[in-house]
Each structure stands twice: as C-alpha cells, then as structure tokens.
Amino acid sequence: MTEQGLPVEVAPYAHRDLTLAGFVLSGRWPATTREWAQVLALAVRLAAVPGFVPITSLFRAVDEVPDDPQPRTVGLLTCEGPLVGRDAPVPGSLGAPPALFVLHPPAETRPSTPEAEGAASGCLLLPGLPHLGIEHRAAWVEAEADGTVTKLLSSVGVDPAVDPDLAVMAALLAA
C-alpha cells in the first residue's frame, strides 16, 4: 500500500492464548478508503485461520503505540472485545476513532457463495460527519483460510442503517 510514497505497513500481534489482539501500523495511516479496505482484507485473511479470531470481534484505530515501538510506528488497531454480549464495548466507550472494523470468524460468517464455505468476513466503518458534508465510508471483505479474497466491496456515502455491522458500530459511536 504505497499510494502516497511511504507505505502503510501492518503487523498483527496476538494475546498469550494466540488469539488476535490487533495490528501495529507503521509508516503512515491509511489515507483512502481503498487503503483501509486493503488493511481489512489482511485482517479478514487472518480471521479465516481457525482459532485466531474465535468470536465476532470489534477493532478500533488508536494513535497509541506499543511499549518500545519500532521506528515509524504510527498507531494500533486494537481488539475492543466481542461485537455483542456481556464483554462488548458499551455505547460511547470508543471515543471518536478514525476507523472501526468487525471481524467474523468462519463459524460466524454466512459466505456469499457456496464455494466460499469456511470463509471469514469483515466490515470496516470510516465514520464521517454527514451533517458537515463528510460522508461515512465502508468496506466489506470475505476471505478463505488459504488467503483467497472471495468478496471485496467499498463504498462512500453509506447509510449505517443498511448493514447490521455498520449499524452496531455507528450505535457504539453515537452515544
């Protein structure tokens, strides 16, 4: 991902139980919907690996960096917990992140085609300020465990009410 000279570098990191904890971003933040969709595609490919994302989970972009960061580290995409349920984030607890995404493991993904059985999926929300003329942007990705991307869509000017994942993410931000 090098649309603006310096590449966007993405490295996953895991919890001690080897489940996905998030991603370290280096170089620069993604600047376009296309670049964010590429980050989502990488994340969904990892979610397709059995056990790496055990339950539908929410990730948030933060400007924080890990302790003793590598040079050029710009921020993190951190797992905030399950999207719904007892340990899910509560409305208003996420602040105003530049990006949120949901990862669905294969067990919680309904594939877009029968050939994609066992695929993981994800949805990205780049929140806008529609009342100020800044539109919401979104992307959707589906990928198989071998890394094959079976679906990739992106859109500008989305209404969060048209997609369940977008609706939940927007509701978490709206409080």
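Regarding Arg60, is this residue buried (at least 18 other Cβ atoms within 10 Å of the Cβ), under 22 Å from Val156 (Cα atoms) and charged (D, E, K, R)?
yes
Scan region 1-33 for residues that are farther than 13 Å from Ala99 by Cβ and not in a strand (DSSP E or B) and report the count.
Of all residues in region 1-33, those farther than 13 Å from Ala99 by Cβ come to 1-7, 9, 11-21, 24, 26-28.
This time we only want the ones that are not in a strand (DSSP E or B), so: 1-7, 15-19, 27-28.
Result for region 1-33: 14.
Here is a list of conditions, (1) assigned to a helix (DSSP H, G or I); (2) touching an Asp or Glu at 6+ places or on another chain (Cβ under 8 Å), and Leu40 meets all of them except one; can you say which number that is?
Unmet for Leu40, out of (1) assigned to a helix (DSSP H, G or I); (2) touching an Asp or Glu at 6+ places or on another chain (Cβ under 8 Å): (2).
Could you say whether any residue in region 118-135 is farther than 19 Å from Leu25 by Cα, charged (D, E, K, R) and within 16 Å of the chain's Cα centre (by Cα)?
So far as region 118-135 goes, no, none of its residues is farther than 19 Å from Leu25 by Cα, charged (D, E, K, R) and within 16 Å of the chain's Cα centre (by Cα).
Would you mind stating whether Gly128 is over 18 Å from Leu152 (Cβ atoms), of a type outside the set (A, V, I, L, M, F, W, C) and surrounded by 15 or more Cβ atoms within 10 Å (Cβ to Cβ)?
yes
Looking at region 56-85, which of the residues that are in contact with a helix residue (DSSP H, G or I) (Cβ under 9 Å, 6 or more places away or on another chain) and outside any strand (DSSP E or B) is modelled with the highest pLDDT?
Thr56
Given Leu125, Leu103, which one is closer than 17 Å to Arg60 by Cα and either aromatic (Phe, Trp, Tyr) or touching a Gly at 6+ places or on another chain (Cβ under 9 Å) (or both)?
Leu103
Please give the strands (runs of 3 or more DSSP E) falling wholly within region 91-163 in which 2 or more residues are touching a residue at least 24 places away in the same chain (Cβ under 8 Å), farther than 19 Å from Glu35 by Cβ and touching a Ser or Thr at 6+ places or on another chain (Cβ under 9 Å).
120-126
Looking only at region 142-167, count every residue that is over 16 Å from Glu115 (Cβ atoms), surrounded by 17 or more Cβ atoms within 10 Å (Cβ to Cβ) and of a type outside the set (Ser, Thr, Tyr) and tell me the total.
Residues meeting the conditions: 5.
Taking Asp68 as the residue in question, decide whether it is within 20 Å of Gly22 (Cα to Cα), surrounded by fewer than 17 Cβ atoms within 10 Å (Cβ to Cβ) and more than 14 Å from the chain's Cα centre (by Cα).
Yes.
Which condition does Leu166 not pass, out of (1) touching a residue at least 24 places away in the same chain (Cβ under 8 Å); (2) over 15 Å from the mean Cα position of the chain (by Cα); (3) not in a loop (DSSP other than H, G, I, E, B), if it passes all the others?
Among (1) touching a residue at least 24 places away in the same chain (Cβ under 8 Å); (2) over 15 Å from the mean Cα position of the chain (by Cα); (3) not in a loop (DSSP other than H, G, I, E, B), the lone unmet condition for Leu166 is (2).
Are there any pairs, at least 6 apart or on different chains, whose C-beta atoms fall under 6 Å, with the first in region 37-48 and closer than 19 Å to Gly118 by Cβ and the second among the charged types (D, E, K, R), and if so, which?
Listed by first residue and then by second, the contacts come to Ala48/Glu144.
The values are calculated or read from the model by the stated rules, or taken from the named source; none is laboratory data. These numbers were taken from a predicted model, which means no experiment stands behind them. All Cβ positions, even for glycine, are placed from backbone atoms using ideal geometry, and neighbour counts span all protein chains on display.
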